[in-house]
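Novice: Handing you this structure, nothing more for now.
Derivation of every value follows stated rules applied to the coordinates shown; laboratory data play no part. A quick note: this is a predicted structure, and the numbers were derived from the prediction, not measured. Glycine gets a Cβ as well: all are built from the backbone with ideal geometry, and neighbour counts include every protein chain shown.
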Amino acid sequence: MAGFDVLTRGDVLESALQARDHLVSCGVPGALAAKDPRLWGARAVDHSRLGWLDLPFASRGLLKQVDGLVEEARHSGLDHIVLIGVGAESLAAQAIVEAHTPTVAAARRADERSGRGGPGGLTVLDGSDTAPLAFAMERLDRTLVVLASKAGVSLEGDAYRRIFTAAFRERGLSEREIANRFLVITDHGSPLHDYARQCGYRIGLTDPYLPGHYGALSAYGLVPAVLAGADTDRLLEEAATLMPSLAKDEDNPGLLLGAVLGGCAQQGPGGLARDKMVLREPGGPGALSAWISQLLAVGTGKRGKGVVTFEPPGGRGPFPDVHGVSINPRSAADDEESDTSVWAPLGAQFVLWEYATAVAGWLLGVNPFEAGSTVVQESEDDAAALLRAAGRGPLTDERPVYVEDGIEVHADFPWPPGAELRTVLGGLVASVPSEGYLSVMTYLSGDFSGRYLAPSFARASGRPVTYGPGPAYPHATGPVHKDGPGNGAFLIITGDPAPGDVLASQPVPGRPYSLAKLQIARALGELRALRERRFPVIRLHLRDPADGVGRLIEAVRDVAGARRP
């Protein structure tokens, strides 16, 4: 696909055109093209925070620098890339590999949870599942590990680094050879930068002023992808082709898309804001949709505002505050479910959505380049504190208020006499605000996903349902849930490790906890953060995940049937 276009219709078109006219009259396109930070106030945004506008051209130099590393890796037989990064650091690279490495794209569609391909592929470890880790362990002889973070090493990053170091050592690699199996991508002067130097790892440094959620075309997105065999030169060409149109007042697809996002998210004449968006991709949602969700969550989720995104299973229903956006539909005529269609190749999609998020933020009166509040780090710090306090003992002494068929219910409200699992699920559904949504976060290994529950929950609540695996999903979208409109209700699902899942149950080298225990700690940290903000939230723990997921699906369907008009 060489061209790009944004087409919208219906009520969305009217609000978008009004917003676009306002943007033009205020000189926003010209100011953005000039990288004028005064758009967000005299001192709100530094000029360097707008450096993402230069990446389609500036990153060509980065690719030249990486050429030597790619040749060395191939010469050493290292054609399998393991990317360790929770949230934003991994999503762009995943999207690039899916789009520009056909074998990986096919594998991704065939096995949604793996995110991996064959030789020359990319395996992403984000703390959500041990299956990709097992896949990587079978390919240690050809694996290069990329640890990407703008700050320090996450809990998951530390655990995976230790696991791979121990595995390489067991294979007989020397300490120097082990160090050469790691590449760290981080900001100049970050805590991870100092740590990587002490370990002797290869280091790729990035601009510390570049917002992390605007780094798709920086080293965070490009280096893992090019190592995995993606055609990143073509990606940058796609992005560069779009840039001239972004300086225009007319025929500016980024301006129109930003007007759609920001115009819908503002309150309309009836007092209703369409601040929720269903994203559709041909063949089902992929890493690009996840990256867009993260970009909008961090870029707009501030001071009681923000755009929450949903996948189709959770967005089915006549929701008046939801608008649909399709990415590269076959034709507008075939896309009757969506209000807006966006056509562009992947490189242009990255820049298009970054630009649109900046425009939407301006319309909403928020600074889109802030990294977000400390809500995400608070949850991780809380999980780390729980692990330290527990040592080799249990993480919490909280007892379930109710147990049914191996499903524990953990709630911070009195349990009514005669209640059952359907009761608490019905209560959670009833707690969703009339203009809110339900979010399902799963901390489980295996292919179970909130997508299996979303349609029934949407029918039961009459509200859209968003979902994702923890800790990656709450890490990526936490700002909009916690600092945004504040109208979410939350279900957190945890579980014991599956029998025989040695990688989940064995201790992390040098740590008193396993990956399974780390996963539970992350869930508890998120649970406490949501409770502190007084959101409706419950946790269900599956003692036998294989059996429990079936019973849970059945219970949610019963709730939907009982509440259906």
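Novice: Taking every eigenvalue of the Cα gyration tensor of the range 53-237, multiplying by 5 and rooting it, what semi-axes result, largest first, whole Å? Could the numbers behind the result be given before it?
Specialist: Numbers: eigenvalues 97, 80, 50 Å².
Each semi-axis is the square root of five times an eigenvalue, giving 22, 20, 16 Å.
Novice: Any chance you could get the radius of gyration and Dmax over the Cα atoms of the range 7-58, in Å?
Specialist: Cα-based Rg and Dmax for the range 7-58 come out at 14.1, 39 Å.
Novice: Just grab the label-to-label distance for ASP21 and SER76, each label 7 Å out from Cα along the Cβ direction, in nm (one decimal).
Specialist: That separation, rounded to one decimal, is 6.1 nm.
Novice: Assuming 0.36 nm per residue, please report the length gained on full extension of the stretch ALA58 to ARG551 beyond their Cα-Cα distance.
Specialist: Stretched fully, the ALA58-ARG551 segment lengthens by 172.2 nm.
Novice: Next question. Can you give me the long-range amide H partners of LEU83? Hydrogens built in the peptide plane at 1.01 Å from N, cutoff under 5 Å, separation of 5 or more residues or another chain.
Specialist: THR123, VAL124, LEU125, VAL146
Novice: Applying a 10 Å radius around every beta-carbon, put 444-457, 274-287 in order of their mean neighbour count, most first.
Specialist: 444-457, 274-287
Novice: Using per-residue counts of other Cβ atoms within 10 Å, averaged over each peptide, order 245-258, 14-27 from highest down.
Specialist: 245-258, 14-27
Novice: Need one number: the % of Cα-Cα pairs in the range 375-563 sitting beyond the 29 Å mark.
Specialist: Working: 3174 of 17766 pairs.
Result for the distance tail: 18 percent.
Novice: Taking the Cα atoms of the range 367-448, report the difference between the largest and smallest coordinate on each principal axis, in whole Å and largest first.
Specialist: 48, 43, 30
Novice: Taking the Cα centre of the chain as origin, work out the dipole magnitude from +1 charges on Lys and Arg Cβ and -1 charges on Asp and Glu Cβ, in debye rounded to 20.
Specialist: Around 820 debye, computed over the chain.
Novice: Sort the following peptides by mean Cβ neighbour count (other Cβ atoms within 10 Å, averaged over residues), highest first: 480-491, 139-150.
Specialist: Sorting 480-491, 139-150 by mean packing, highest first, produces 480-491, 139-150.
Novice: For the range 375-563, give the magnitude of the charge dipole about the Cα centre (Cβ charges: +1 Lys/Arg, -1 Asp/Glu; no others), in debye to the nearest 20.
Specialist: Charge dipole of the range 375-563: 240 debye, to the nearest 20.
Novice: Can you flag which of LYS150/LYS305; LYS35/LYS64; LYS302/LYS517 are past 28 Å Cα-Cα?
Specialist: Flagged as over cut-off: LYS302/LYS517.
Novice: How about the range 33-70: which trypsin sites (Lys or Arg not before Pro) there are in a DSSP loop, with at most 11 other Cβ atoms within 10 Å of their Cβ? Write down the numbers at each step before the final one.
Specialist: Numbers: sites: LYS35, ARG38, ARG43, ARG49, ARG60, LYS64; in loops: LYS35, ARG43.
For trypsin sites (Lys or Arg not before Pro) across the range 33-70 that sit outside H, G, I, E and B with at most 11 neighbouring Cβ atoms in 10 Å, the list reads ARG43.
Novice: When the gyration tensor of the chain is built from Cα positions, what are the square roots of 5 times its three eigenvalues, in whole Å, from largest to smallest?
Specialist: 34, 33, 20
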